[in-house]
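Colleague: This is the structure I have questions about; it appears just below.
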2 protein chains.
Amino acid sequence: MAKKIIGIDLGGTSIKFGILTADGEVQDKWSVATNILDEGEHIVPDIIEAINHRLELYKLDKSDFAGIGMGSPGSVNMGKATVTGAYNLNWKSTVEVGTLITAGTGIKFAIDNDANVAALGERWLGAGENNPDVVFITLGTGVGGGIVADGNLIHGVAGAGGEIGHIVVVPEGGFECTCGSKGCLETVASATGVVRVARQLAEEFAGDSGIKSAIDNGEAVSSKDIFIAAEAGDLFALKVVDKVSMYLGLACGNLGNTLNPDSIVIGGGVSAAGEFLRKQVENYFLKFTFPTVKKTTKIKLATLGNDAGIIGAASLARKFIEI
Amino acid sequence: MAKKIIGIDLGGTSIKFGILTADGEVQDKWSVATNILDEGEHIVPDIIEAINHRLELYKLDKSDFAGIGMGSPGSVNMGKATVTGAYNLNWKSTVEVGTLITAGTGIKFAIDNDANVAALGERWLGAGENNPDVVFITLGTGVGGGIVADGNLIHGVAGAGGEIGHIVVVPEGGFECTCGSKGCLETVASATGVVRVARQLAEEFAGDSGIKSAIDNGEAVSSKDIFIAAEAGDLFALKVVDKVSMYLGLACGNLGNTLNPDSIVIGGGVSAAGEFLRKQVENYFLKFTFPTVKKTTKIKLATLGNDAGIIGAASLARKFIEI
C-alpha cells in the first residue's frame, strides 16, 4: 500500500490535522483546541496523543505513514525542527517540536512556518496549479505570505523570505507597523488595515455614506462591513476599497516585476471579498507591471480555504516518500 | 588535467571572452568588437572564430574544456539556447546561438541573459561570497538585475524574473518608463534617471549650486557630475543623491522584505559613486525593512567590475563538468 502523509496546521486557537494520500487527497481531517496554558507545554503532547489516537481508531500503524509535516507560528528552524518565540502559543523559549513528535509517534517529521506552508498548499493543489513559480499572500488579522520560485520555498538567509506584509507601499507618511517600520502593506491591507484606511479617508469624504456615518458616530466597523457596503455601491466604501486595492496592486505588481511568477494567489479572511476585490487589485497590478509580467503573471483567489494549511504541511512530508 | 570553462559576455559594443578554471580563476581574457552590420549575422561566426583561434594559439583542444557559457542581451531561451529580439545586436529574429557555437567549436554551450549572468558572477566570486541568496542590481544606462534564491537564478514563468529596474518606486506621478509603465526604478536611478531627478528638483531649489546653474543654463550634466559635486558638498547635488538613494533604498528594502537575501549587491556605472552612494542607500534600506531583514541582509558594492559578465557566464558551464 502506498504510504500516506499527515499534515498539521498549528494555530493559536486550534490544531488542525489531515491524513492525505501522497497525491494530496484529504482522506480524513479533524481538529483539537489549542491548550496554551502552562506556557504551552500541553501542545506537543496533545498533538502526539491526537495522532496516535486517530491511528488506533482506524487501525493504522506508523509504518503506513511516510511522514508528518507541520506549519507553525513563530520562528521555525527547519533543520532542527524547532520553534522559537511563538507568542500566540505561549511558547517563550525554543521547543524541540520535531524530536518530540517523532519520539512520540515513531513517524518522521518536517516543519516550516505557517504562511509558507499555506503557500505550499495553494501552490500544490490550489490556485497555483502546481506551477513552480507561485506567490501566496494571505490577508487576515495580519498580512503574510510565501514565495515558491523555481519549485522551492524562498526562506532567505534568516527565514524572513516571503514576509510580504512588510513590503513598504507608503514610503512617506505611512501608518506605523508592529514591526517598527512605517507604511508596510499590513498597515493598510489587513483586516484592521482596511478600517485604518477608511478612518483616514473619512476625514476628507463629504458625500453620503452609511460606512462614513458609522465611523463618524464611533460605531464598530469591520473590513467585512466595508467590502459589503462597497459591493452595494456605497461611494465612500468604494473609495476605501479602491485605495486598498491600489496598495495591494502595487505590492503584487512589484512582486510580479521581481519574480514573474505564474500567479499571485490572494487568500485569507479579507479575500472573502472575492472577485470584487481581485478584479480591482488586478487593475492596479496591470498599471504597475511591465509588459511581459502583465501578459504572464496572473492574480488569482485562493481556492483551498482553511485546508491550505494541512495540505501544505502534509506536502512537507512528501520528501520522506521512498520512490 | 581538470577541464576549463569559457565565459562570453556578449554586448552591443564588444564581445568579452574569458578562459577560467573550474574554480573561477580567470586564466586569460580578451575581447573583440561587436560587428552588428548585416543584421548582426557576423556575430556568431566571429565568436566561433575568436574561440577557435585562441585555442590554436595556446595549443589547447576542445577536449580541454567542459563547456562555454554566455550572457546575452535580448530574450534568451535557455532550453533551446536561442536569443530573440536583441536589438542592440541588430538581431531581429531568433538566432540559434547554442547550436551554431557548439557546431563551430565542438564544445557544449549554455546561455542566460546578461543581467542574470552578471548576478551569477557577483554571487559566485564577487561581493555575494557564494551565498545561496544574493540579489544583484546594476545601475547603468538602464537598471537591471538578477536574483539568486536558494542557490538558483529566479527566471519566473516567462523569464522576466529579476527585472529590478521595473520595480515601481513612484506609484503616483512618476516619470514614464520605456516599458510603458510609470515610476519604475530605472526612471530615477539609471544614469539618465539621476539627471532626470536633478532636473525635477532644480525647479524648486533656490540655493547656490554649480550643478543647478549648469542645468538652468542648459549645459550637459551627467550622473557622474552630480555624484562628484555631491561628494564635494554641493547642496543641490546632495539633495539629488538623497532622493535617488531613497528610491534605491525603497527598492532594496522591498527586495529584502520579500527575499531576505544575504546581500543586495549594487554594480554598474552609477555604482562608481562607491561607498558614498552605498551608505546612503543603506540608510534608507534600514528605514524600509523590518527587524530580521535589517539585521541579516547587507547592502554591498559589486567587486568584479566588468569581469562579472565573463565569470558569471563561465559559471553557467560548470554544470558540464563531470565529477
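Colleague: Using amide H atoms built in the peptide plane, which far-off residues or other-chain residues are under 5 Å from A:Ala127 H to H?
Modeller: A:Thr303, A:Leu304
Colleague: Follow-up. Suppose every Lys and Arg Cβ carries +1 and every Asp and Glu Cβ carries -1, with no other charges. What dipole size does segment B:240-323 come out with about its Cα centre, to the nearest 20 debye? Walk me through the numbers before you get to the answer.
Modeller: On the way: 10 positive and 6 negative charges, 51 e Å.
In total the dipole reaches around 240 debye.
Colleague: Applying the Karplus parametrisation 6.51 cos²θ - 1.76 cosθ + 1.60 with θ = phi - 60° to the phi angles of segment A:7-14, what ³J(HN,Hα) value in whole Hz is obtained for each residue in order, glycine and proline being reported as x?
Modeller: Coupling constants for segment A:7-14: x, 10, 10, 8, x, x, 9, 9 Hz.
Colleague: Same structure, new question: Which value, in debye to the nearest 20, describes the size of the charge dipole of segment A:154-233 about its Cα centre when Lys and Arg Cβ atoms bear +1, Asp and Glu Cβ atoms bear -1, and nothing else is charged?
Modeller: Numbers: 5 positive and 11 negative charges, 40 e Å.
Computed about the Cα centre, the dipole is about 200 debye.
Colleague: I've got another one for you. Out of the DSSP beta bridges found with both residues in the protein assembly as shown, what percent are antiparallel (nearest 5)?
Modeller: Working: 58 of 98 bridges.
The antiparallel fraction comes to roughly 60 percent.
Colleague: Quick one: Karplus J couplings for segment A:212-218, per residue in order, coefficients 6.51, -1.76, 1.60, θ = phi - 60°, nearest Hz, x for Gly and Pro?
Modeller: Along segment A:212-218, the couplings run 4, 4, 4, 5, 5, 7, x Hz.
Colleague: Would you work out which of B:Thr99, B:Val32, B:Tyr87 lies farthest towards the positive end of the dipole of segment B:1-120, given +1 charges on the beta-carbon of Lys and Arg and -1 on that of Asp and Glu, about the Cα centre?
Modeller: Checking the options against the dipole of segment B:1-120, the answer is B:Thr99.
Colleague: Hey, rough spin-label estimate for A:Asp23 and B:Lys62, points 7 angstrom out along Cα→Cβ, what's it come to in nanometres?
Modeller: 4.6
Colleague: Can I ask one more? What is the fewest-to-most order of A:Phe175, A:Phe17 by other Cβ atoms lying within 10 Å of their Cβ? Display every interim value, and only then the final one.
Modeller: Numbers: A:Phe175 16, A:Phe17 24.
Least crowded to most crowded, the residues run A:Phe175, A:Phe17.
Colleague: Can you tell me what share of the DSSP beta bridges in segment A:130-301 is antiparallel? A percent to the nearest 5 is fine.
Modeller: Numbers: 10 of 19 bridges.
Taking every DSSP beta bridge with both residues in segment A:130-301, the antiparallel ones total about 55 percent.
Colleague: Same structure again: Obtain the nm distance between the two label points defined at A:Ala33 and B:Met78 by a simple spin-label model: each point lies 7 Å from its Cα along the Cα-to-C-beta direction.
Modeller: 5.1
Colleague: Can you pull the mean other chain C-beta count within 10 Å for peptide A:242-254?
Modeller: Neighbouring Cβ atoms belonging to other protein chains average 2 per residue here.
Colleague: Extending each Cα 7 Å along its Cβ direction at A:Thr303 and B:Leu235, get the distance between those two points in nm, one decimal.
Modeller: Modelled inter-label distance: 6.1 nm.
Colleague: Efficiency by 1/(1 + (r/R0)^6): what FRET value for B:Glu49 and B:Asp242, r their Cβ-Cβ distance, R0 = 60 Å, to the nearest 0.05? Walk me through the numbers before you get to the answer.
Modeller: On the way: r = 49 Å, r/R0 = 0.82.
Step by step, r from the Cβ atoms, then E = 0.75.
Colleague: What ³J(HN,Hα) values, in whole Hz, does the Karplus curve 6.51 cos²θ - 1.76 cosθ + 1.60 give for segment B:34-51 when θ = phi - 60°, with x put for Gly and Pro?
Modeller: 7, 9, 8, 5, 6, 6, x, 6, 8, 4, 5, x, 4, 5, 4, 4, 4, 5
Colleague: For a footprinting-style exposure proxy, rank A:Ile36, A:Ile147, A:Ile311, A:Ile47 by other Cβ within 10 Å, fewest first.
Modeller: Working: A:Ile36 18, A:Ile147 31, A:Ile311 28, A:Ile47 23.
By the 10 Å Cβ count, ascending, the order reads A:Ile36, A:Ile47, A:Ile311, A:Ile147.
Colleague: Under the definition of Cα pairs under 8 Å and six or more residues apart, what whole-number percent is the relative contact order of chain A? List each step's numbers first, then the result.
Modeller: Values: 707 pairs, mean separation 69.3, N = 323.
Reported as a whole number, the value is 21 percent.
Colleague: Still on this model: Magnitude of the Cβ-charge dipole of the protein assembly as shown, K/R +1 and D/E -1, about the Cα centre, nearest 20 debye? Walk me through the numbers before you get to the answer.
Modeller: Values: 54 positive and 74 negative charges, 108 e Å.
It comes to approximately 520 debye.
Colleague: Suppose you put the label 7 Å out from Cα in the Cβ direction; list, shortest first and in nm with one decimal, how far A:Gly151 is from each other copy's label.
Modeller: 1.3
Colleague: Something else about it: From the residues B:Ser263, B:Phe136, B:Gly173, which one has its Cα farthest along the dipole of segment B:129-301 in the positive direction, the dipole being from +1 and -1 charges on Cβ of Lys/Arg and Asp/Glu about the Cα centre?
Modeller: In segment B:129-301, that residue is B:Ser263.
Colleague: Continuing with this model, one more query. Once you average over the residues of B:279-289, how many Cβ atoms of partner chains fall within 10 Å of each Cβ?
Modeller: On the way: counts 0, 0, 0, 0, 0, 1, 0, 1, 5, 8, 8.
Per-residue shielding by partner chains comes out at 2.
Colleague: Rounded to the nearest 500, what is the 222 nm mean residue ellipticity of chain B from helices alone, with -39500 (n - 2.57) per DSSP H run of 4+ residues and division by all residues? Display every interim value, and only then the final one.
Modeller: On the way: 12 runs with 127 residues, N = 323.
When only DSSP H runs of four or more count, the value is -12000 deg cm²/dmol.
Colleague: Something else now. Which cross-chain or sequence-distant (5 or more) residues have an amide H under 5 Å from the amide H of A:Gly267, H modelled 1.01 Å from N in plane?
Modeller: Those lying under 5 Å, H to H, from A:Gly267 are A:Ile137, A:Thr138, A:Leu139, A:Ala302.
Colleague: Other chains' Cβ within 10 Å of B:310-318 residues: what's the mean? Provide the component values of the computation, followed by the final result.
Modeller: Values: counts 0, 0, 0, 0, 0, 0, 0, 0, 0.
Partner Cβ neighbours, averaged per residue: 0.
Colleague: Any idea what the B:Gly173 label distances to the other copies are, label 7 Å down the Cα→Cβ vector, nm, shortest first?
Modeller: Ordered by distance, the counterparts are at 1.0 nm.
Colleague: In addition: Hey, can you grab everything whose amide H is under 5 Å from the amide H of B:Gly69? Only 5+ residues off in sequence or another chain; H modelled, so Pro and N-termini drop out.
Modeller: For B:Gly69, whose amide H was placed from the backbone, the distant partners under 5 Å are B:Ile6, B:Gly7, B:Ile8, B:Ala110, B:Ala317.
Colleague: For the residues A:Leu153, A:Leu185, A:Leu10, what sequence is obtained by ranking on other C-beta atoms within 10 Å, fewest first? Working shown, then result.
Modeller: Values: A:Leu153 22, A:Leu185 31, A:Leu10 27.
Ascending number of Cβ neighbours within 10 Å: A:Leu153, A:Leu10, A:Leu185.
Colleague: Find the all-direction average of the projected area of the Cα convex hull for the protein assembly as shown, expressing the result in square nanometres with one decimal place.
Modeller: Values: hull surface 133.9 nm².
Its average projected convex-hull area is 33.5 nm².
Colleague: Going by alpha carbons, how many degrees (0 to 90, nearest 10) lie between the helix axis of B:114-125 and the longest principal axis of chain B?
Modeller: 90
Colleague: Let me ask something else. Which angle from 0 to 90°, rounded to the nearest 10, does the C-alpha axis of helix A:274-287 make with the longest principal axis of chain A?
Modeller: So the inclination is approximately 70 degrees.
Colleague: Would you mind pulling out the separation of the Cα centroids of segment B:131-210 and segment B:78-120, in Å?
Modeller: A separation of 25 Å, based on Cα centres.
Any read-out appearing in this document is the output of simple, stated calculations on the displayed coordinates, not a laboratory observation. Predicted model, so just to flag it, every value in this text is computed and none were measured. As a convention, Cβ positions derive from the backbone with ideal geometry for all residues, glycine included, and neighbour counts pool all protein chains shown.
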